[in-house]
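The values are calculated or read from the model by the stated rules, or taken from the named source; none is laboratory data. If you're wondering where the values come from, they're calculated on a predicted model, not measured in any experiment. Here the Cβ positions follow ideal geometry from the backbone for every residue, glycine too, while neighbour counts run over all protein chains shown.
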Amino acid sequence: MAEMNLAPETGSSATSPGASESWLRRNRQALAPWLFLAPGVIFFLFYVIFPILQSFNLSFYRWDGLGDPQFIGMENYRELMDDRAFEVSLWNNLKWLLLYLLAIPAGLFIALFLNQTVTGIRLYKSLFFFPFVISQVVVGLVFSWFYDPTFGLLNQVLAWVGLGPINVLGDPTLVTYGIIIAGLWPQTAYCMILYLTGLNAVDPEQVEAARLDGAKGAKMLWYVIIPQLRPATFVAFVVTIIGALRSFDLISIMTNGGPFGSSRVLSFYMFEKALSEYGFRMGYGAAIAVVLFLIMLCFIAYFLWSMYQDDKGGR
């Protein structure tokens, strides 16, 4: 008689231990990061991406903020091409971009000084750090008093050396440069903080090896120190360029766009057109905002691409 097979049949009735667990339990490790990211992603989509898309859409309409929007296509952008005030604002933004970058080398050299062992170094650090912690409104008021042609410190110093008074904020050729100098004060302090943090991460063994090879001074700085400060430099460039493009508060406090609109930048001109002028040209202001966003996007895309290339090259 054939021997009977008493082994349990492995069919559909038998289930593996993992099959009894729920799908959520099986994938909890993969889902955990997304659950932590979800609140931030939702807020980013709702408060950043959605307003950007809404601005793009609004730029194709004529709207005063109260009535029904009227679709006009590319008319707002065509008007920008012939708008003299827009041209002045664009050129002023270019000046901000170029001159604001001076905060990066200035912050680096101050950080190199503060990284030394000097008597009273804590006091120096506090003095250089001070502009970073005060409000931009306070910075604007301080420099407005500094430039004042009647009692300002600048003109008092010029009087001591026999030079006449200069109305920096009242001269259309000087006003933009005067505001940029005011903005450079706290921006340099911010870059200094970034570089001080970066200097703490510099490899002392590389510095010592370079000293043994005879490197010192400018060569040590250029070939050993600065290459190790590339992450801090990258962040300083990104923050400085974004700060230059969205410069609004100092202009609003110090000149309100004057004299004769000569100190406007794109962000301030957008505010004027959308919210300050009679008629509230929301669509035209949105078109200015789109142009500013695209300029900023070019710089951000370039820096992100550079960071990606560096990460790929380091693997």
Self-check item: Enumerated helices (runs of 4 or more DSSP H) restricted to the range 145-253, each holding at least 2 residues that are under 15 Å from the mean Cα position of the chain (by Cα) and surrounded by 14 or more Cβ atoms within 10 Å (Cβ to Cβ)
Solution: 175-199, 230-245
Self-check item: Search result, residues across the range 39-70 that are of a type outside the set (Ser, Thr, Tyr), closer than 17 Å to Phe293 by Cα and part of a helix (DSSP H, G or I)
Solution: Phe44, Leu45, Val48, Ile49, Phe50, Pro51, Ile52, Leu53, Gln54, Phe56, Asn57, Leu58
Quiz prompt | Of residues in the range 116-168 being among the small types (Gly, Ala, Ser) and in contact (Cβ under 8 Å) with a residue 60 or more places away in the chain, the one farthest from Gly217 (Cα to Cα) | solution = Ser144
Quiz prompt | Evaluation of Gly257 against (1) buried (at least 19 other Cβ atoms within 10 Å of the Cβ); (2) over 20 Å from the mean Cα position of the chain (by Cα); (3) in contact (Cβ under 8 Å) with a residue 60 or more places away in the chain (one fails), failing number | solution = (3)
Quiz prompt | Lone unmet requirement of (1) loosely packed, with under 14 Cβ neighbours inside 10 Å; (2) at pLDDT below 90; (3) more than 25 Å from Trp96 (Cα to Cα) for Phe130 | solution = (3)
Quiz item: All but one of (1) out of contact with any Phe, Trp or Tyr (no Cβ under 7 Å at 6 or more places or on another chain); (2) under 18 Å from Leu97 (Cα atoms) hold for Ile251; which doesn't?
Solution: (1)
Quiz item: free of Cβ contacts under 8 Å to residues at least 60 places away in the same chain, surrounded by fewer than 17 Cβ atoms within 10 Å (Cβ to Cβ) and of a type in the set (Ser, Thr, Tyr), is that true of Ser267?
Solution: no
